[in-house]
1. Of all accessible surface on segment 30-99 at a 1.4 Å probe, what whole percent is carbon and sulfur?
2. Using 0.36 nm per residue of separation minus the Cα-Cα distance, give me the extension gain between Phe111 and Thr49 in nm, one decimal.
3. For Met85 and Tyr70, compute 0.36 nm times the residue count separating them, minus their Cα-Cα distance, and round to one decimal in nm.
4. Quote the accessible area belonging to Val96 in square angstrom, nearest 10, computed with a 1.4 Å probe and with ligands, DNA and RNA left uncounted.
5. In whole Hz, what ³J(HN,Hα) sequence does segment 61-67 give by Karplus (6.51, -1.76, 1.60; θ = phi - 60°), x for Gly and Pro?
Amino acid sequence: MHQKTTTASMTFFWGKNRSSSSSDNLDSYILDLVWVFLLSMLVECLSHTRLISSAGFNDVAAGLLQTLMYGARIGVAYLVMLAVMSFNVGALIAAVAGYSVGFLVFGSRVFRKPETAMYGKPTDLPPLSC
């Protein structure tokens with residue numbers, strides 16, 4: 001009785017084939033990369049949003065909304081992390097590109113008025129840190 005032992009490869013690979021998917025076609029792979037890109041952009045959007053300060057919330061409602069936004073941001077960030085942990089180079093590139101484009105759109109001065117530039121007003125959520 002010989003048991004086969006399988007080991008997971010801890011190296012990055014390039015390609016549409018992945019063991020966790022039931023279908024390994026190119027359309028599914030591209031859709032996965034688009035989702036990773038959009039999810040990482042959503043993390044940046046939530047990280048730089050200012051919904052609470054612009055609306056007239058009392059402290060309890062503002063705290064509950066801030067907690068809900070924080071939980072959503074962390075949950076989405078973990079989903080992106082799990083996609084990158086698939087060790088697929090395409091998923092890594094999609095995540096980095098999504099975070100970068102998200103920062104360009106939501107966090108940099110490119111699309112903001114000078115009076116609301118980055119660090120001019122605090123955002124609703126604390127910055128992500130490792």
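The values are calculated or read from the model by the stated rules, or taken from the named source; none is laboratory data. Computed from a prediction, not measured in an experiment: that's the story for all the values here. What goes into the accessible areas is simple: the full protein's heavy atoms, side chains included, and nothing from ligands, DNA or RNA. Shrake-Rupley method; radii C 1.70, N 1.55, O 1.52, S 1.80 Å.
1. Values: 3010 of 3850 Å².
With neighbouring chains kept in place, the figure for segment 30-99 is 78 percent.
2. Numbers: separation 62, 0.36 × 62 = 22.32 nm, distance 1.33 nm.
Net length gain for the segment: 21.0 nm.
3. Details: separation 15, 0.36 × 15 = 5.40 nm, distance 2.23 nm.
Result: 3.2 nm gained on full extension.
4. Rounded to the nearest 10, the figure is 80 Å².
5. Rounded to whole hertz, the list is 5, 5, x, 5, 5, 5, 5.
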